[in-house]
Amino acid sequence: ALNVLYWVYVRPSVSVISFFYVWLFEFFTIGVAFEVAEVGGALLLKEKILPRVDNLVTYPQTALLHVTCDDYDTVLIEALYKQDYPLLDIFVLDDSHSDGLANRLSGLPVTVLRRGNRAGYKAGNLNNWLYKYGDNYKYFIVADADSVLPKHFVRSMVEFADHPKNRHIAIFESLITNWNTQSKFANLQNIVKPLNHKISLTLENRLGQTLSVGHNNLYRTDCLLAAGGF
């Protein structure tokens, strides 16, 4: 109704620019309405936490994929093999222009995987691993070049994924917080992170669907293979 009144108000001076302003105003009001409704719902509803296995009896074979393209940090890569999950294979999917990363990581318990081209960018890099190694793993976790994972991350994600009631879920997202506190932009993002997490645990867990952020999450391998990859 507000937008219709606005259109009536500007109609006497109809022009391309007035038409543009009307639709800009339309998207603005829809966006504000959506955000207000989302925040209100998150504050009113209780968190819905997915069930998880208390103690894993068996450990499904899981892969941890570290995706990089000229932005690798050897310190962060070294931190990956400190996970407390026993059946974990670590792969560094290296799309960098230089092929020297394998030499830098020699002696570490990681497998560096390169390909002949960069077709498909990050999706192509992940698919290259998926088609070569995917059949060997029940789950795989994707970490970006700047991901810092706590040592219990893989275990916790598998505990959620392996619960019988969660077998219909293909992707498990984690709650991400910016660790680079020296960056003003990251600090600004961190201000709204608690609210983002609240929305995830209340609304998105109830809806059972959300857009994947593409990293710091766990995938059920057979689902990705059945879908044809990324």
Right, ASN136: loosely packed, with under 13 Cβ neighbours inside 10 Å and either closer than 19 Å to ARG52 by Cβ or of a type in the set (S, T, N, Q) (or both) or not? yes
Looking at this structure, is LYS198 in a helix (DSSP H, G or I), within 24 Å of LEU56 (Cα to Cα) and not β-branched (Val, Ile, Thr)? no
Write out, first by first residue and then by second, each pair whose Cβ atoms fall under 7 Å of each other, whose residues are 6+ apart or on separate chains, and whose first residue, in region 107-129, is surrounded by fewer than 15 Cβ atoms within 10 Å (Cβ to Cβ) while the second is outside any loop (DSSP other than H, G, I, E, B) and of a type in the set (A, V, I, L, M, F, W, C). PRO109/ILE90
Where the second residue is open to solvent by 30 Å² or more (accessible area, probe 1.4 Å) and not aromatic (Phe, Trp, Tyr) and the first is closer than 19 Å to GLY124 by Cα and assigned to a strand (DSSP E or B) and lies in region 139-150, which pairs have Cβ atoms under 6 Å and are six or more apart or on separate chains? VAL142/HIS215; ASP144/HIS215
Anything in region 107-140 that is closer than 15 Å to ALA79 by Cα and either under 17 Å from the mean Cα position of the chain (by Cα) or of a type in the set (Gly, Ala, Ser) (or both)? List them, or say none. GLY107
What pairs come up if the first residue lies in region 199-219 and is on the phi > 0 side of the Ramachandran plot, the second is surrounded by 15 or more Cβ atoms within 10 Å (Cβ to Cβ) and acidic (Asp, Glu), and their beta carbons are under 8 Å apart, counting only those six or more places apart or on different chains? GLY214/ASP144; ASN216/ASP144; ASN216/GLU173
For residues that are assigned to a loop (DSSP other than H, G, I, E, B) and either over 30 Å from ALA161 (Cα atoms) or open to solvent by 90 Å² or more (accessible area, probe 1.4 Å) (or both), scanning just region 14-46, find the one that is modelled with the lowest pLDDT. VAL14
Given the options LEU218, LEU175, name the one that is under 17 Å from the mean Cα position of the chain (by Cα), at pLDDT 90 or above and open to solvent by 50 Å² or more (accessible area, probe 1.4 Å). LEU175
Looking at the structure I just gave you, is ARG206 more than 18 Å from ASP144 (Cβ to Cβ), modelled with pLDDT under 90 and of a type in the set (Lys, Arg)? yes
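The values are calculated or read from the model by the stated rules, or taken from the named source; none is laboratory data. Being a predicted model, the structure only gives us computed values, none of them experimental. Methodologically, a virtual Cβ is constructed for each residue, glycine included, from the backbone with ideal geometry; neighbour enumeration extends over all protein chains shown. Side chains included, ligands, DNA and RNA excluded: accessible areas come from the protein's heavy atoms. Shrake-Rupley method; radii C 1.70, N 1.55, O 1.52, S 1.80 Å.
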